[in-house]
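Working notes, structure below.
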Amino acid sequence: MLGKPIHMTISPETVAKRAIIAGDPARVEQVKELLEDPKLVNTKRAFVTYTGTYRGVPVTIAAHGVGFPSSAIVFEELSMVGAKLIVRFGTCGAMIPGMRIGDVVIPTGAAYYPGGAYYQYLHEWTCCPAVPDFDVVKAIVEEYERFGIKYFTGPVISSDAFYAEDPEFAKKWSSRGIIAVEMECAGLFTLGLMRKVKTGAVLLVSDSLVEHLGYASAEELREYVMKAAKALLESITKVKLTT
């Protein structure tokens, strides 16, 4: 791994140890409203990044694009300059009945298809235990309980092909206990284990593969985003980090 970012113009002076990453820059713009004195520290490659404080604790919020290859660049470069905790705040498609637009999913692990970027990192046809850090998940669950936010916990599937997901895909993976589909958690969790960075994720349901809910845009999710983001910020500021 390179020791200096080349896709983002960031440094140890501009990035906090605690970071929230999101695929959509619009969500980054929404969440940064909750920070005190947020400063724009990167726009290169459209990885829009802000650093500010929440209750006096430094926090960085960055856009990571779509899929593992794109999000891996942001994860790697944030960790290069000192990030020790990185949480994905994204969206997902429901894979079980009963989930509604804006519901929260807290992944306890992520399945994935080996190959591609995973093979390049692992150098063999194997599956790494793609799981988040326990302390991070515990802190998130505790804060969502305190805020009274409805949430689901369970494993998700990280898919590389958004438009290849069909009814058979949903039927197969839901029968294996998967509760939602998204595109980045497995990569984030795997890299977290490899780089010794604490990871976690909070996902908002934007659509469903098993019911007709439509597809919610960033603006349509805004109300849910702001409430969920505040609880997430509360949680990450309470996780203890090693220096």
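Examine the range 191-198 for a residue that is farther than 25 Å from residue 78 by Cβ and of a type outside the set (Val, Ile, Thr), and state whether such a residue exists.
No: zero hits.
Which condition breaks for residue 162 when tested against (1) crowded, with 16+ Cβ neighbours inside 10 Å; (2) under 15 Å from residue 94 (Cα atoms); (3) hydrophobic (A, V, I, L, M, F, W, C)?
Here residue 162 meets the rest and fails (1).
Report whether or not residue 13 is in a helix (DSSP H, G or I) and of a type in the set (Asp, Glu).
When the stated conditions are applied, residue 13 does not pass them.
Tell me whether the range 146-160 contains one or more residues that are part of a loop (DSSP other than H, G, I, E, B) and β-branched (Val, Ile, Thr).
There is at least one residue in the range 146-160 that is part of a loop (DSSP other than H, G, I, E, B) and β-branched (Val, Ile, Thr).
Condition check ((1) under 19 Å from residue 199 (Cβ atoms); (2) in contact (Cβ under 8 Å) with a residue 60 or more places away in the chain; (3) among the polar types (S, T, N, Q)) across all residues:
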| site | (1), (2), (3) |
| --- | --- |
| 3 | no, yes, no |
| 7 | no, yes, no |
| 62 | yes, no, no |
| 89 | yes, yes, no |
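Filter the range 9-38 down to residues that are among the small types (Gly, Ala, Ser) and crowded, with 20+ Cβ neighbours inside 10 Å and give me whichever is farthest from residue 136 (Cα to Cα).
Looking at the filtered set, the residue picked out is 23.
Could you grab me the full set of residues in the range 103-129 that are farther than 17 Å from residue 195 by Cα and either of a type in the set (A, V, I, L, M, F, W, C) or part of a helix (DSSP H, G or I) (or both)?
104, 105, 106, 110, 111, 116, 125
Search the range 134-159 for residues being crowded, with 18+ Cβ neighbours inside 10 Å and polar (S, T, N, Q), and hand back the single one that is nearest to residue 86 (Cα to Cα).
Among them, the one singled out is 158.
Residue pairs, Cβ under 7 Å, 6 or more apart or interchain, first in the range 188-200 and assigned to a strand (DSSP E or B), second aromatic (Phe, Trp, Tyr). List them.
Listed pairs, sorted by first residue: 199/189.
Given (1) in a helix (DSSP H, G or I); (2) surrounded by 14 or more Cβ atoms within 10 Å (Cβ to Cβ), identify the lone condition not met by residue 171.
So residue 171 meets the others, but not (2).
From the list 150, 238, exactly one residue is out of contact with any Gly (no Cβ under 6 Å at 6 or more places or on another chain), among the basic types (Lys, Arg), modelled with pLDDT under 95 and over 14 Å from residue 88 (Cα atoms). Which is it?
Matching residue, one of 150, 238: 150.
What are the residues in the range 193-243 that are hydroxyl-bearing (Ser, Thr, Tyr) and in contact with a Cys (Cβ under 9 Å, 6 or more places away or on another chain), if any?
199, 206
Quick one: would you say residue 100 is assigned to a loop (DSSP other than H, G, I, E, B), basic (Lys, Arg) and either touching a Cys at 6+ places or on another chain (Cβ under 9 Å) or over 20 Å from residue 65 (Cα atoms) (or both)?
For residue 100, the condition - assigned to a loop (DSSP other than H, G, I, E, B), basic (Lys, Arg) and either touching a Cys at 6+ places or on another chain (Cβ under 9 Å) or over 20 Å from residue 65 (Cα atoms) (or both) - is met.
Quick one: in the range 44-70, which of the residues that are within 17 Å of residue 33 (Cα to Cα) and of a type in the set (S, T, N, Q) is surrounded by the fewest Cβ atoms within 10 Å (Cβ to Cβ)?
Result: 53.
Residue by residue through the range 140-174, note down the ones that are touching a strand residue (DSSP E or B) at 6+ places or on another chain (Cβ under 7 Å) and closer than 24 Å to residue 116 by Cα.
Passing the criteria: 155, 156, 157, 158, 159, 165, 173.
Within the range 71-88, track down each residue that is outside any helix (DSSP H, G or I) and surrounded by 20 or more Cβ atoms within 10 Å (Cβ to Cβ).
Passing the criteria: 83, 85, 86, 87, 88.
The values are calculated or read from the model by the stated rules, or taken from the named source; none is laboratory data. Bear in mind that the values here come from a model prediction, so they are computed numbers and not experimental data. All Cβ positions, even for glycine, are placed from backbone atoms using ideal geometry, and neighbour counts span all protein chains on display.
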